Structure formats: structure tokens, C-alpha cells
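Here the structure comes first, spelled out in C-alpha cells, and everything after it is commentary.
Every number here is computed from the coordinates shown, using simple stated rules; none is lab data. Here the structure is a predicted model, which is why all the values come from computation and not from measurement. Here the Cβ positions follow ideal geometry from the backbone for every residue, glycine too, while neighbour counts run over all protein chains shown.
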Amino acid sequence: MTHLIIVDSKKGSFTFGKEIVQAVTVLDTPPMIACALRAYEHAASGLKCLKDVWMEKPPHEIGRLVTLPETSNTEKLLGELAALSEKIVELRMLMATQPRLSATGNKTSELLEIKIGGGSIKAQLDYAKSLLGKEIKPPQVFRNGEIIDVVGITKGKGIQGPVKRWGIRRKAHKSRKTVRQVGSIGPWNPSYVVYSVPRAGQMGFHQRTEYSKQIVKIGEDGLEITPKSGFTNYGRVNGAYVMIKGSVPGPSKRAIKMRSASRAHDSQEPPKIEYISLQSKPSA
């Protein structure tokens, strides 16, 4: 994370039109590769994979996740898929990350299935053909000022008690039995402990979605916003980046998914950036 000085562009705000300090998160976003096309058909148990069409030479990092075909005649397979278009009910693109272009140090790609929507199956198939084997960069999907949702895995904190996990108060020091537990775990009936009673258990390392985050800036050269010594616990951002207002779930170097906002919102103009801090900040 870092901070900016921006001109507040949110109408109705007390600071509208004034300079404010805004905390932002910088996401390292190297381009993803559209490495395969997957078609689905209806089956008794739901959707069933009908056919996969892989690009000619998929990145070798994907071989750590799935078994890649030894040879892939993409044009021939696309022709066979077009002949089966009447059976196709849904098309998805398999997108792979390129961790070697980031500072995470990961060797294994993240593989995502992204549904292709809109238009007829033939139109979707033509669009998918134009993307297969190409790199997809952030400006092709998002724009400055856009409202998005971010999905990530939160920081893991292990097994914790109810005081830290649920935020309950400690009992009096003269309490019978325990001090850092609830006074009662429930009535005689129903004769089980309901889910809402604070109990010890796993804290953190859960998938969480944060809604309606604004993109402040999308850039191509990460060195223009990277401190001289690099970001704490991460390093240098050498390529494309996305700057988001506020924080995102999870620690440094853990993958974050971005998607178009799923909740209704008013369109916003991207804020005017007056200053970007390039100072190295200690980890939280």
C-alpha cells in the first residue's frame, strides 16, 4: 500500500473538489494469457465439458497444474468445435497468469475459467477465436475510475479463541471455570450448539469479497510508482499495475481476483492525482 494526494471527485462529499490524502493498494497485474477455450453442453447432472481447444504452445508453468496435450492442432480443433455448435450451451476461456513477470517468486500459474457472455454461440465462438493464444492486459478489461469487486484469501491467523475470533468481552476474574469463554453455549432445547455462539476455531484464511472498490489508476510502467527500495514484503513492480482505493484482503504476494461490480452504483469520474508517495512504508 501507499498513499496519494487526490482531488476528491465524489459528489456530495464534504471534501468534494478539495485535496485529500487517500490510501491505495497497488496490484501488480502482468498480462494474462488466453490459453484454452472450453465448451460445455447439457447433461443429466448439469453442465458437462464437451471439448477443449488449447493454444499452440501454452506456457510451461501451466504444466504444473494440468496435463497439457502433447500436440495441439488449434485450427483443426476449432473447426471440430464449430461443427458441434448446436450442442454448446456455454463457452468459457481458460486464462492463465504469468507469475514470472511479477515479483511474487511463484512458479505455478493461476488458472481461471471466465465465461464468455453476450450474443449467440456463433458470435461468442468467433470472439473466443480472436482471443485464443493472446495476452489480455488490464486496460482491455477495466478503465480508470471504474467500480469493481475484489476477491481474495484473507490472512491466516490459525486456531483462535472466542475473544479474538468473535470480539467478546472477558468475564470477571472470579468467574467459574473460564474467563475467555462465553457464559452459556445455549439452552437445553434445541439440544445442540447453534452456529452463532462464539466458539474457538480457525480464524482467517477464508475467501472474502469486498464490493464497490474504485480503480484510481491503471498504468503500464510500475517503476513510476515503486519506491526506490521496492514495496515492503514484495519488491519492485516492473510492468502493468492497477491502483485501487483502500485495502484488499490477504497478505502481499497472494493472488487477487478483480471483477466488474455486482452491486448497483453511480458512475464516478477518476480522481485527479496531485501526488504519489514513493516512500518505503513498514509492513502492517
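Brief remarks on what is shown
- Cross-link reach is defined here as a Cα-Cα straight distance under 18 Å, omitting same-chain residues fewer than 8 places apart; for residue 253 the lysines meeting it are 107, 155, 157, 281.
- Here the 3J(HN,Hα) profile of region 97-103, calculated from phi with Karplus coefficients 6.51, -1.76 and 1.60 at θ = phi - 60°, is 7, 10, x, 5, 8, 10, 9 Hz, Gly and Pro shown as x.
- Fewest-first ranking of 49, 35, using other Cβ atoms within 10 Å as the exposure measure: 49, 35
- Gaussian network model of the chain, springs between alpha carbon atoms under 10 Å - residue of 101, 91, 77 with greatest fluctuation: 77
- Every pair of different Cα atoms in region 82-124 enters the Kirkwood calculation, which places the hydrodynamic radius at 12.7 Å.
- Mean projected area of the Cα convex hull of region 147-227, taken over all directions, amounts to 9.8 nm².
- The alpha carbons of region 65-195 give a radius of gyration and a Dmax of 26.1, 78 Å, in that order.
- CD proxy at 222 nm, helix term only [per DSSP H run n ≥ 4: -39500 (n - 2.57); per residue of the chain; nearest 500]: -2500 deg cm²/dmol
- Backbone geometry of region 86-93 corresponds, through the Karplus equation with coefficients 6.51, -1.76 and 1.60 at θ = phi - 60°, to 3J(HN,Hα) couplings of 5, 7, 6, 10, 7, 10, 10, 9 Hz, x marking Gly and Pro.
- Hydrodynamic radius of region 157-203 per Kirkwood, over alpha carbon pairs, in Å: 11.6 Å
- Helix 121-131 axis, angle to the chain major axis (alpha carbon atoms, nearest 10°): 80 degrees
- 0 to 90° range, to nearest 10: angle between helix 74-83 axis and the chain longest Cα axis: 90 degrees
- In straight-distance terms, cross-link reach from residue 11 covers every one of the lysines whose alpha-carbon lies under 21 Å from its own, apart from those fewer than eight places away in the same chain; here that gives 213, 217, 245, 272.
- If you run the Gaussian network model on the chain, springs between alpha carbon atoms under 10 Å, then out of 183, 17, 105 the most flexible one is 183.
- Over region 32-136, the fraction of Cα-Cα pairs per 10 Å bin, rounded to whole percents and listed from the shortest bin up, is 15, 46, 30, 9, 1.
- Cross-link reach list, lysines versus residue 76, counting only Cα pairs under 26 Å and skipping chain neighbours closer than eight places: 48, 51, 57, 87, 115, 122, 129, 134
- Candidates 93, 203, 258, ranked by Gaussian network fluctuation over the chain, Cα under 10 Å, top entry: 203
- Centroid-to-centroid, using Cα positions, region 189-211 and region 18-72 are 32 Å apart.
- Restricting the chymotrypsin sites (Phe, Trp or Tyr not before Pro) of region 162-195 to loop positions (DSSP other than H, G, I, E, B) with no more than 16 neighbouring Cβ atoms within 10 Å leaves 188, 192, 195.
- Dipole axis of region 32-136 (+1 Lys, Arg; -1 Asp, Glu on Cβ), positive-most option in 79, 34, 97: 97
- Pairwise Cα inverse-distance average, inverted: Kirkwood Rh of the chain (Å): 22.7 Å
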